[in-house]
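Structure record follows, encoded as structure tokens.
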Amino acid sequence: MCPVTAITGVKKEFYFIDPKICIDCGACGRACPYDAIFDTYGNAAEKVRRTEWARPVVQEEICSGCRYCVDSCPFECLSMLDEDKPWMAVASLTNPKACVSCYLCEASCDKGAIVLQPPKDVKPAAAARFQKTASAS
Ligand code: SF4
Ligand code: SF4
């Protein structure tokens, strides 16, 4: 779950989040069913249904096909389309189920061509979780 493996521990015992490794993407807080994760300000991070998590959207007209985002994803969620034709190659989210909304792909794109967006029908409270995470990252 953690894209940078900042969490270590033993099952059914305490886990430790290394603040030096954590990138504050919030994935663990959204996933924890017991709301046991607290943010930097001491607020419990409530669980968010995975269907409501933000997902990367590629603006194909801006994408240069550099594949930085593809290489940055720890879970191989992204692929290049038309990679055999470099003038047409664009990134695409091909494995959305594995995406944890960590923002690493968005951060790796110097063109601003890939941006995480919550689903259109998501409740405002869930969407706000991603706005906060985006500004904190
Ligand atoms: S990093 Fe940006 S420009 Fe490069 S392939 Fe990904 S979306 Fe396209
Ligand atoms: S947000 Fe981007 S880098 Fe992170 S898991 Fe999803 S596709 Fe991969």
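Read-outs: derived from the displayed coordinates by stated rules, not from any lab. All figures in this text were calculated on a predicted structure; none of them were measured in a lab. Cβ coordinates were reconstructed from backbone atoms using ideal geometry, including for glycine residues, and neighbour counts include every protein chain displayed.
Summing Cβ point charges (Lys, Arg +1; Asp, Glu -1) relative to the Cα centre of the range 1-48 gives a dipole of roughly 180 debye. Against the chain, whose longest principal axis comes from its Cα atoms, helix 124-136 is set at around 80 degrees.
Using C-alpha pairs below 8 Å separated by at least 6 residues, the relative contact order for the range 1-48 is 27 percent. Just want the ordering: PHE38, PHE130, from fewest to most Cβ atoms lying within 10 Å of their own Cβ. Listed from fewest to most nearby Cβ atoms, that is PHE38, PHE130.
For the chain, the residue among CYS25, LEU93, VAL10 whose Cα projects farthest onto the positive side of the dipole built from Cβ charges is VAL10. Report the local net charge at ASN95: Lys and Arg +1, Asp and Glu -1, summed over other residues whose C-beta lies under 12 Å from its C-beta. Here the charged neighbours net out to +1.
Taken about its Cα centre, the chain carries a charge dipole of about 520 debye when Lys and Arg each add +1 at the Cβ and Asp and Glu each add -1 at the Cβ. In terms of surrounding Cβ atoms within a 10 Å radius of their Cβ, PHE14, PHE75 rank from fewest to most as PHE14, PHE75. Legend: calculated FRET efficiency, ASP71 to GLN131, from the Cβ-Cβ distance at R0 = 22 Å, rounded to 0.05, equals 0.25.
Close amide H contacts of LEU116 (hydrogens built in the peptide plane, cut-off under 5 Å, sequence separation of 5 or more or a different chain): VAL57. Pairs over the 32 Å Cα-Cα cut-off, from the set LYS11/LYS111; LYS12/LYS111; LYS85/LYS123; LYS20/LYS47; LYS85/LYS111; LYS20/LYS97: LYS11/LYS111; LYS12/LYS111; LYS85/LYS123.
Using the Cβ-Cβ distance between GLN117 and LEU81 with R0 set to 30 Å, the FRET efficiency works out to roughly 0.95.
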